[in-house]
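As structure tokens, the structure follows; a few thoughts come after it.
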Amino acid sequence: MLAERYAEYVPAGPGVSKVIWDLAATGWVLDRAWASTVLTPSPILTNELTWSRDAGRHVVAEVTAVERDAIFGELFKRLALLGGCR
């Protein structure tokens, strides 16, 4: 159930924020300083539904941290310009 998944995801306690990783790619495109990345071999999904690494594979940029407030600030600024956030 969606409500249970939400409850598992949201951290306990008031005032604690949680990163929305879906915004990491958007933030990285808008300003690379908002998303710390490392280059790493692309992962392989195994039959056991776990991730495996092979150093011979092509590299990808993996986001390790995001500037959540900067990304949300830009999101709300753009929504306000469009009249979607008041």
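The values are calculated or read from the model by the stated rules, or taken from the named source; none is laboratory data. Note that the structure is predicted; figures quoted are calculated from it, not measured. Reconstructed Cβ throughout: ideal geometry from the backbone, glycine too, with neighbour counts over all protein chains shown.
Scanning the stretch 22-60 for residues that are in contact with a helix residue (DSSP H, G or I) (Cβ under 9 Å, 6 or more places away or on another chain) and hydroxyl-bearing (Ser, Thr, Tyr) turns up 26, 37.
Yes or no: residue 76 of a type in the set (Phe, Trp, Tyr), over 14 Å from the mean Cα position of the chain (by Cα) and outside any strand (DSSP E or B)? Taking the combined requirement at face value, the residue satisfies it.
Taken over the stretch 1-59, the residue count meeting the criterion of being at pLDDT 85 or above, of a type in the set (A, V, I, L, M, F, W, C), surrounded by 10 or more Cβ atoms within 10 Å (Cβ to Cβ) and within 25 Å of residue 69 (Cα to Cα) is 7. Residue pairs whose Cβ atoms lie under 8 Å apart, separated by 6 or more positions or on different chains, with the first residue in the stretch 38-60 and of a type in the set (D, E, K, R) and the second surrounded by 11 or more Cβ atoms within 10 Å (Cβ to Cβ) and outside any loop (DSSP other than H, G, I, E, B), are 53/40; 53/41; 53/44; 54/41; 54/44; 57/41; 57/44. For the stretch 54-77, the set of residues classified as in contact with a Phe, Trp or Tyr (Cβ under 8 Å, 6 or more places away or on another chain) and of a type in the set (Gly, Ala, Ser) consists of 61, 70, listed by residue number.
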